[in-house]
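**Q** If you scroll down you'll find the structure; I have some questions about it.
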Amino acid sequence: MESRYEPAEIEGKWQKTWAELGLDQTPVNTDKPKFYALSMFPYPSGNLHVGHTRNYVITDVIARLKRMQGYRVLQPLGWDAFGLPAENAAIERGIHPAKWTYQNIAHMKEQLQPLGLSIDWNREVTTCSPDYYKWTQWIFLQFFKKGLADQREAAVNWDPIDQTVLANEQVDNEGRSWRSGAKVERKLLRQWFLKITDYAEELLNDLETLSGWPERVKLMQANWIGKSVGAYLEFPLIGMDEKIGVFTTRPDTIYGVTYVVLAPEHPLTPKITTAKQKAAVDAFIQKVAQESELERTAEDKPKQGIPTGGKAINPFTGEEIPIWIADYVLYEYGTGAVMGVPAHDARDFKFAQEKQLPIKVVIVPKDQNSEVSKLETAYTEPGVLVNSDQFNQIDSVEAKSAIIEYAEKQGWGKARVQYRLRDWLISRQRYWGAPIPVIHCPNCGTVPVPDQDLPVQLPEDIEFTGRGLSPLAQLESWVNVPCPSCGTPAKRETDTMDTFIDSSWYFLRYPDAKNEQQAFDPDKTNDWMPVDQYVGGIEHAILHLLYSRFFTKVLRDCGLLNFDEPFRRLLTQGMVQNTAYKNPVTGKYIPPAEVDSEDPKDPETGEPLQVFYEKMSKSKYNGIPPEEVISKYGADTARMNILFKAPPEKDLEWDDADVEGQFRFLNRVWRLAVEFIVETPDYSAAIPQQLTKTEKDLRRAIHKAIKEVSEDLEGEYQFNTAVSELMKLSNALADASCKDSPVYAEGIETLIKVLAPFAPHIAEELWHAIGYFESVHMQSWPQFDPAALIADEITLVIQIKGKTRGTIQVPAQADRQALEQYARESEVAKRHIEGKEIKKVIVVPGKLVNFVVV
């Protein structure tokens, strides 16, 4: 065995051996308990930096630990491979999206391999592969058959540069596209939706069952679903038979409604607008159409509105009230209309003041005898009703149900539960996504593509210009097909699916990734699911996780799954940050290679640069390729630094000095093992009955390490403190004076085994070097011996008047009286209390004895 630790010489060797032995392949036997460890799969953008690898290293430690603990483990990885960047690359560089994607996958896989991740690559999935998206399309058709997928006209966020629909989350707070930077427009298009709102209540209630999820994530999902309990109330229109329906959580304020506001795009808007107001209303609608949803609903933005000239009747008061349109009311939210109660809603109060609309008080504080003549601000607290006919003097909270009951009797409204969550818009007017598998027939309407004709494959002969409609819509030979039901000339759907669809079921495919007959065999997937540990970024807390939960519940209701939730435990790892250099004047980031770290200035302008830690990113020039670290220090050091620097859920600041520290630690472990092999070539780790005090102390350190590391790797994963325990054990072994003892041999073996999930290559090398033939990763995780943790002796501190004067060793089981006696008889105490009167003795069992003397 080499005396020097040379990671480059051992890591590739062991990775090859593990592959030949099939150590990372998923067991097919079911006689062991299962553990499904999963990292959120990456988008193949082209290059990984060490920030990306944190996710995979965390999952790998858990997977390796669980194998040693006797579980059969599934740890797969794949590629979330559809999406806009590939199509943009096709437009900019003239390379087909498939070629660009598969080249990136190959490169990123090359970057991952040296990390020593125990991934079963036989189960790799790639969402842009026809053998995957065939089943994405099949699953879409199951939604369609259940009435959970439909096409309807909707106001959408339209990116005029990328010529595609954007989800609300893809529009930044300035109303620009997250990718192109274009000012987003509002546009009416026929779009495909999945009816996630049908599952809103279950998605909300089942959050309570997710005890292994961070509370923060559950709260984010609950807020996104946004359940509101209230009333649906209708306001008849003057001169028309139609009514405006509104949802409100404050039916107790109905007598204070002084106007109604419609969304500009509401179908009733043109009907109720008077001839006098038509030009102004049309201009306002056109103006609002240029604004994104985020712009329209921003809290700090002044609310814009205009009267339509139309009137409605408040059925509770019989009064005529004006109908306005305003930018802050969205047609997709609720009913697309709101009632204005300026006296009791802060936004309405401000709007009414600006527009000089009536303000009518209908609730006052309970201790107030009469209403105020003029409000300075909206009164939004509970109170008692006034100016509310038969409901006067009723508590406002109790009045809610009474008013709803009255509305139901009069036919004016009813109780209703409403959700902020809206149906999921899945249409994308792009090429690089799974085609929606339906055909539009002039006779039959919307016809699903028959199962035997799946997948609807993306055509290869496509021109990418970045202009006009989807490339698919421009390819007549692909669009025009006979109807599968009647044979009439028909047209394919040219929209592709939102890529979140692909990632909403991929975890169900891994247990049966090669199945050509089904999306998955329910027996196999139900055996492995739910995922026991899911690891990924907090940025996926809402959409990906919510959509995956939705898909799981729908496929359960299709009879394919026998569980309710896909992910039992969730770990959202923090980001990895590195030093970034930014010119505060120009806003440009400068590559570190062009900066003098001692005197950071812009190489072009000479202006001083801001220096700070920021998330590793290609655009910030601060990403570090994993191969750069591995080539210098080895994969085990890279892994150890990722795990040690910060708790997994916290952000990690990358620092080369910390990497050096982990490399030095692994070198110490290596030297310990080398010295052990040289000095005790024929060792035994069988622990004798009688141990010396030195052996007992060392054995206590060994079993304390086992106990602490095991606890750190259960529940809330604390990899950083687990690594600290490994360092303590290493130090205890280095300081031990009984290196020829079986206890020392036990310590070396334990250190190697407990190190194995963290630094798998060096652990494997040392395990074989000390004489074993089977892989360390096939060994059982060590169990601590409670008896070894019990100390025979403890260190007792002797204090005189509160000041420590020395220590003595005493039996661990000594009681208060005995401790005082040992202390009195000690040389330390005698020196300081001789000839003095002891006024008081304070005994803290297990810790100290304090003599108060005069």
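The values are calculated or read from the model by the stated rules, or taken from the named source; none is laboratory data. Since this is a predicted model, take the numbers as computed values, not measurements. Note that each Cβ is placed from the backbone with ideal geometry, even for glycine, and that neighbours are counted across all protein chains shown. Side chains included, ligands, DNA and RNA excluded: accessible areas come from the protein's heavy atoms. Shrake-Rupley method; radii C 1.70, N 1.55, O 1.52, S 1.80 Å.
**Q** State, as an integer percentage, the relative contact order of the chain based on alpha-carbon contacts under 8 Å between residues 6 or more apart.
**A** Working: 1571 pairs, mean separation 113.0, N = 854.
Relative contact order, the chain: 13 percent.
**Q** Moving on. Find which of SER129, THR164, VAL246 sits farthest along the positive direction of the dipole of segment 122-261, computed with +1 on the beta-carbon of Lys and Arg, -1 on that of Asp and Glu, about the Cα centre.
**A** After comparing all options, I get SER129.
**Q** Before anything else, pin down the relative contact order of segment 1-79: Cα pairs under 8 Å, at least 6 apart, normalised by residue count, whole percent. Mind showing how you got there, number by number?
**A** Values: 60 pairs, mean separation 32.4, N = 79.
With pairs under 8 Å counted, the relative contact order is 41 percent.
**Q** Related question: Cα axis of helix 635-644 to longest principal axis of the chain: angle in degrees, 0 to 90, nearest 10?
**A** Relative to the chain, helix 635-644 is tipped by roughly 70 degrees.
**Q** Determine the gain in length on full extension of the stretch GLU2-ALA769; use 0.36 nm per residue of separation and subtract their C-alpha separation, reporting nm with one decimal. Intermediate values should be presented prior to the final figure.
**A** On the way: separation 767, 0.36 × 767 = 276.12 nm, distance 0.99 nm.
Difference between extended and current length: 275.1 nm.
**Q** Separate question: About the Cα centre, and with charges only on the beta carbon of Lys, Arg (+1) and Asp, Glu (-1), how big is the dipole of segment 389-546? Nearest 20 debye, please. Intermediate results must be reported in sequence, preceding the final value.
**A** Details: 14 positive and 23 negative charges, 103 e Å.
My answer is approximately 500 debye.
**Q** Something else now. Pull out the extension gain between GLN783 and ILE91, defined as 0.36 nm times the separation in residues minus the alpha carbon to alpha carbon distance; nm, one decimal.
**A** Details: separation 692, 0.36 × 692 = 249.12 nm, distance 5.83 nm.
That pair, GLN783 and ILE91, stretches by 243.3 nm at full extension.
**Q** Continuing with the same structure: Compute the Cα gyration tensor for segment 115-216, then decide on rounded, prolate or oblate, letting a ≥ b ≥ c be the square roots of its eigenvalues: rounded whenever a/c is under 1.5, prolate when a/b is larger than b/c in the other cases, and oblate in all that remain.
**A** Numbers: a/c = 1.41, a/b = 1.30, b/c = 1.08.
Judged from the Cα gyration tensor, segment 115-216 comes out rounded (a/c under 1.5).
**Q** Continuing with the same structure: Considering Cα pairs under 8 angstrom that are at least six residues apart, work out the relative contact order of segment 269-371 and quote it in whole percent.
**A** 18
**Q** Between LYS840 and SER631, what is the label-point separation in nm under the 7 Å Cα-to-beta-carbon projection?
**A** 6.9
**Q** Ok, one more. Test of understanding: extend the Cα→C-beta vector of ASP389 to 7 Å, then name every residue of segment 406-428 with backbone N under 20 Å from that spot.
**A** Zone members listed by number: 406-416.
**Q** Would you mind working out the magnitude of the charge dipole of the chain relative to its Cα centre, with +1 at each Lys and Arg C-beta and -1 at each Asp and Glu C-beta, to the nearest 20 Debye? Walk me through the numbers on the way to the answer.
**A** Values: 96 positive and 122 negative charges, 294 e Å.
It comes to approximately 1420 debye.
**Q** Under 20 Å from the Cα of LYS360, which aspartates and glutamates turn up, not counting those fewer than eight places away in the same chain?
**A** Within the straight-line cut-off, LYS360 pairs with GLU234, ASP252, GLU319, GLU320, ASP345, ASP348, GLU371, GLU376, GLU381, ASP389, ASP395.
**Q** Any idea what angle helix 97-112 forms with the longest principal axis of the chain, computed on alpha-carbon atoms, 0 to 90 degrees, nearest 10?
**A** That helix lies at roughly 20 degrees to the long axis.
**Q** Using only the heavy atoms of the protein chains and a 1.4 Å probe, how would PHE851, PHE612 rank by accessible area, largest first? Before the final figure, lay out each step's value.
**A** Details: PHE851 0, PHE612 65 Å².
The residues order as PHE612, PHE851, largest area first.
**Q** Which angle from 0 to 90°, rounded to the nearest 10, does the C-alpha axis of helix 656-679 make with the longest principal axis of the chain?
**A** It is inclined by approximately 40 degrees.
**Q** Still on this structure, please answer the following. What does the charge dipole of segment 550-628 about its Cα centre add up to, to the nearest 20 debye, if the Cβ of each Lys and Arg holds +1 and the Cβ of each Asp and Glu holds -1? Mind dumping the intermediate values first?
**A** Details: 10 positive and 13 negative charges, 132 e Å.
Once rounded to the nearest 20, the dipole reads 640 debye.
**Q** Could you point to the label whose value was computed as Kirkwood radius over Cα pairs in Å for the structure here, given [x] 31.5; [y] 32.5; [z] 37.8?
**A** Evaluating Kirkwood radius over Cα pairs in Å on these atoms matches [y].
**Q** Right, next: Just want the answer: with Cβ charges of +1 for Lys and Arg and -1 for Asp and Glu, which residue in VAL531, PRO450, ILE808 is farthest toward the dipole's positive end in the chain?
**A** ILE808
**Q** Next question. Testing the spin-label approximation: label points 7 Å from Cα along Cα→Cβ at GLN813 and ASN562. State their distance in nm.
**A** With each label point 7 Å from Cα toward Cβ, the separation is 5.3 nm.
**Q** Counting only protein heavy atoms and a 1.4 Å probe, tell me what percentage of segment 505-623's accessible area is made up of carbon and sulfur. Can you show the working numbers first?
**A** Numbers: 2370 of 5160 Å².
Carbon-and-sulfur percentage of accessible area, whole number: 46.
**Q** Here's something else I'd like to know. Tell me which of SER684, SER730, ALA638 sits at the most positive position along the dipole axis of segment 636-730, charges placed on C-beta atoms (Lys, Arg +1; Asp, Glu -1).
**A** Of the listed residues, the answer is SER684.
**Q** Residues with amide H under 5 Å of LEU74's amide H, sequence separation 5 or more or different chain, H placed in the peptide plane at 1.01 Å from N; which?
**A** Those qualifying (amide H under 5 Å, at least 5 residues apart or on another chain) are PHE35, TYR36, ALA37.
**Q** Within segment 536-573, which residues have the backbone N less than 13 Å from the label spot 7 Å out from LYS145 along Cα→beta-carbon, could you tell me?
**A** From segment 536-573, the list is 555, 557-560.
**Q** Using label points projected 7 Å from each Cα along Cα→Cβ, tell me how many nm separate GLU793 and LYS693, to one decimal.
**A** 0.1
**Q** From the helices alone, meaning DSSP H stretches of at least four residues, give me the mean residue ellipticity at 222 nm for the chain, per-run term -39500 (n - 2.57), in deg cm²/dmol to the nearest 500.
**A** Numbers: 25 runs with 289 residues, N = 854.
So the helix-based figure for the chain works out to -10500 deg cm²/dmol.
**Q** Moving on. Would you mind calculating the gained length between VAL417 and THR446 on full extension (0.36 nm times residue separation, minus the Cα-Cα distance), in nm to one decimal? Don't skip to the answer; put the middle values down first.
**A** Working: separation 29, 0.36 × 29 = 10.44 nm, distance 3.17 nm.
Separation in residues times 0.36 nm, less the Cα-Cα distance, equals 7.3 nm.
**Q** What accessible area per residue, rounded to a whole number of Å², is obtained for the chain using a probe radius of 1.4 Å? Working shown, then result.
**A** Working: 38030 Å² over 854 residues.
The answer is 45 Å² per residue.
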